[in-house]
Structures are given as structure tokens and as C-alpha cells.
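Step one of this worksheet: look at the structure below.
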Amino acid sequence: MEFVWLWKCSSRCWTYLQIEWPGGGDLYDIISSARRDFRRSFFIEVVIICCWNIWKQRNDFIFDGLMPSFRSWKYGFKEDVALLMHRVKPAVADALKSWMRSLL
């Protein structure tokens, strides 16, 4: 877990996704605050996919010697969101698609 927060690009990932993690407080309060500020129904899904792709960057670094990069993370994130869109209700898929288009 340490790698997730220490990897320099992880803060760029959260900024890209428009998710702000407030400092202090317990974990429940931090997640609740970030979820409230994100204001979309698919917050948990986005957080899980983001963390999963940061974890995959870590594994690529440890096991294959590949340097983590925002570009590689972003590609994996978009691929996983595209897969998620096939498993959610059409309204959620449309909202996710619209949100993804709004990202820089």
C-alpha cells in the first residue's frame, strides 16, 4: 500500500480524476468527504479502478522493471472503465461515458 501513496504520479492520477483526498480525520471521514465532493454515483468504481491501475503500475515496476508512468496508468484506467461500461446499467454507463469525455 505504501507504493500507492509514495509513487509521484499517484497524486496526478487523483487530480486527473477530479478526486481530492482531504488530510486528517479517520479513513471513513476522508472517503465520505471525497465522495461528497466528487458528486457522481460511480465514485467507488472510479476509486477502485484507479487504485487497481496504480497497483498494476507497481507490479510492472517490481516484477518487470518497467517505470511507472501517468500515460501507462491512464491507458489502463480507460480500458478498465470501458469494460465496466458493459456491466453497469445504461444510465450509469452514459454518465460514466460523459464524465470520461470531460476529463482532460
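Just so you know, all these numbers are worked out from the coordinates, no wet-lab data involved. Please read these numbers as outputs of a predicted model, since none were measured by experiment. Neighbour counts are summed over all protein chains in view; Cβ atoms, including those assigned to glycine, are modelled from backbone coordinates with ideal geometry.
Taking the Cβ of Leu96 as the center, what net charge do the other residues with Cβ under 12 Å away carry, scoring Lys and Arg +1 and Asp and Glu -1?
Around Leu96, the surrounding residues sum to +3.
Please build a GNM for the chain, connecting alpha carbons under 10 Å apart, and tell me which residue among Tyr75, Tyr16, Tyr28 fluctuates the most.
Tyr28
Tell me, what is the Rg over Rh of segment 2-102, with Rh the Kirkwood radius over Cα pairs?
0.98
Can you name the helices of the chain, as whole DSSP H runs, whose Cα span along the helix axis is 15 Å or more and whose Kyte-Doolittle mean is not below -1.0?
Counting only whole DSSP H runs, the qualifying helices are 27-38, 43-64, 70-84, 90-102.
Defining a contact as two alpha carbons under 8 Å apart and six or more residues distant in sequence, what relative contact order in percent does segment 26-96 show?
Result for segment 26-96 is 27 percent.
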